[in-house]
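First comes the structure, then the notes that go with it.
Any read-out appearing in this document is the output of simple, stated calculations on the displayed coordinates, not a laboratory observation. Because the structure is predicted, anything quoted here is derived from the model rather than measured. Cβ sites come from the backbone with ideal geometry, for glycine too, and all protein chains shown count toward neighbours.
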Amino acid sequence: MTQFATMLAALDFREAVASGNDNEIMTYIHNLAVQGGQLLAQEWDTELLLPTDSFGAMVDVRVPCTNKTLMSDLPKRLLSEYSTYVPMYSWDNGGSWDEPKWYARVSAQIFNDLDDFQFLANAVKKMLSL
């Protein structure tokens, strides 16, 4: 029932931020994913998984840690300590690296801005003692 109660507010929000123009919304969230992903990669001294023309509103950024125990616990800690959920996963590229690399999969939304990406960058740096 909640979804029906919020539908008009969601449509009003969409109208207010982009005059109901879905292309404008998609452009905003793609550009935010690109800029936010680059910000995270710079703050963490890492890189994006894919070129910026290869994703829409979700960006995968390497996290500067290969400790499986620490990385497996990081999403839970972000949620409990910062009320922020960010999925993280490891990828070993078919064994061509000494250790798997870990990535954060960050979704840009219309209600986000670069400050949200900076918040995440700072939280992860603090948790990893960077």
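Please compute the modelled spin-label separation between residue 26 and residue 85, points set 7 Å along Cα→Cβ, answer in nm with one decimal.
My value for the distance between the label points is 2.6 nm.
Kindly rank 74-86, 33-45, 11-23 from highest to lowest mean number of other beta carbons found within 10 Å of each residue.
33-45, 74-86, 11-23
Please tell me the relative contact order of the chain in percent, rounded to the nearest whole number, where contacts are Cα pairs under 8 Å and at least six residues apart.
Relative contact order, the chain: 26 percent.
Can you give me the relative contact order of region 1-77 as a percent, contacts being Cα pairs under 8 Å and 6 or more apart?
22
If you place +1 on the Cβ of every Lys and Arg, -1 on the Cβ of every Asp and Glu, and leave all else neutral, what size is the dipole of the chain about its Cα centre, to the nearest 20 Debye?
420
How much mean residue ellipticity at 222 nm does the chain get from its helices, if each DSSP H run of length 4 or more adds -39500 (n - 2.57) and you divide by all residues, to the nearest 500 deg cm²/dmol? Kindly include the intermediate steps, with their values, before the conclusion.
Working: 4 runs with 69 residues, N = 130.
Here the helix-only value at 222 nm equals -18000 deg cm²/dmol.
Pairs of lysine in the chain with Cα under 16 Å and at least 8 positions apart or on different chains: total?
Lysine pairs meeting both conditions in the chain amount to 4.
Return an integer: the convex hull volume of the alpha-carbon atoms of region 34-89, in Å³ per residue.
88
For a protection proxy built on the mean count of beta-carbon atoms within 10 angstrom, sort 111-123, 56-68 highest first, please.
Working: 111-123: 15.5, 56-68: 18.2.
Descending mean neighbour count gives 56-68, 111-123.
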